[in-house]
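The values are calculated or read from the model by the stated rules, or taken from the named source; none is laboratory data. All of these numbers come straight from a predicted model, not from anything done at the bench. Heads up, the Cβs are rebuilt from the backbone with ideal geometry, glycines too, and the neighbour counts pull from every protein chain shown. Only protein heavy atoms, including side chains, enter the accessible area calculation; ligands, DNA and RNA are left aside. Shrake-Rupley method; radii C 1.70, N 1.55, O 1.52, S 1.80 Å.
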Amino acid sequence: PNIVRKSSFKRMLSQLDECIGFINEHKDFKDYEIYNLRFKQCLVRALTLIRNYVVNNLKTIRDDLTTKISVTKINSVTQDALIYTRFGSDSEFLYDVVADLVNRADNNDELEGLLSDCFNFYFGIRTRLIQPKIWEHLKLSVDDKKTLVQFSQGNISFFTKIFRDEFELFHK
């Protein structure tokens, strides 16, 4: 499963890019269509390995965090540390692997689909992790006897922080 992190895998991806570039420059070759199709199939298979690697690692991180959050009753500061800091540090190594997929996904529907799978899975995990925190905040906000202005300001501040934190985490 860790083959996508090896330098030999990255070299193979570069060679596939070179082969595809070469065959596209020499469309007059006898078996151009066959070679073009085979090289693209190899590239899709390699990038599917990357997608599977990313999704499996995100599942592992999600399961670990979900277990830690559900097993112990933790305060909001510890929960923030787990949800943001721990998730960010655990998923940081995925950046290089996903970059290979991002760089090749332009103008290719099949490769964009693989990248979209990674993004959808990531955002699904993030939604499930922060949703309880959001509902708890909203429940506490409604229970407080605040004016509409105070209620609105508190929620704007809370959601601005959530969006900022999620934005920074995504860019990690």
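Figures for the structure shown
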| quantity | calculated |
| --- | --- |
| Carbon plus sulfur fraction of accessible area for the chain, probe 1.4 Å, in percent | 57 percent |
| Extension gain, residue 149 back to residue 74 (0.36 nm per residue minus Cα-Cα distance, nm) | 24.0 nm |
| Cross-link pairs 6/27; 59/172; 73/146; 68/145 - those with Cα-Cα distance over 23 Å | 6/27; 73/146; 68/145 |
| Whole-Hz couplings from phi, Karplus 6.51/-1.76/1.60, listed for the range 156-172; x for Gly and Pro | 4, 4, 4, 6, 5, 5, 4, 4, 5, 4, 5, 4, 5, 5, 4, 6, 5 |
| Inter-centroid distance (Cα atoms) of the range 66-81 relative to the range 104-172, Å | 18 Å |
| For the range 54-172, radius of gyration divided by Kirkwood radius, i.e. Rg to Rh on alpha-carbons | 1.05 |
| Among 124, 67, 47 the positive-end extreme of the charge dipole of the chain (Cβ point charges) | 67 |
| Semi-axes of the equivalent ellipsoid for the range 1-121, Cα gyration tensor, largest first, Å | 39, 12, 11 |
| Per residue, in Å², the accessible surface of the range 1-135 once ligands and nucleic acids are set aside, probe 1.4 Å | 62 Å² |
| The range 1-30: trypsin sites (Lys or Arg not before Pro) falling in loop per DSSP and having at most 11 other Cβ within 10 Å | 6, 27, 30 |
| The chain, helix-only ellipticity at 222 nm - DSSP H runs n ≥ 4, -39,500 (n - 2.57), divided by all residues, nearest 500 | -28000 deg cm²/dmol |
| Computed lengthening from residue 117 to residue 17, 0.36 nm per intervening residue step minus Cα-Cα distance | 33.8 nm |
| Dipole in debye (nearest 20) - the range 29-172, about Cα centre, beta carbon charges: Lys, Arg +1; Asp, Glu -1 | 440 debye |
| Vicinal HN-Hα couplings computed from phi for the range 27-43 (Karplus, 6.51 cos²θ - 1.76 cosθ + 1.60; Hz; Gly/Pro x) | 6, 8, 4, 4, 9, 3, 4, 5, 5, 4, 5, 5, 5, 5, 4, 4, 5 |
| Positive-end residue of 140, 91, 111, charge dipole of the range 91-162 with Cβ unit charges | 140 |
| FRET efficiency, 1/(1 + (r/R0)^6) with R0 22 Å, evaluated for residue 131 and residue 85 via beta carbons | 0.70 |
| Length gained when the stretch residue 107-residue 3 is fully extended (0.36 nm per residue, less Cα-Cα span) | 34.8 nm |
| Simple label model, 7 Å out from Cα along Cβ direction - residue 167 to residue 45, nm | 4.2 nm |
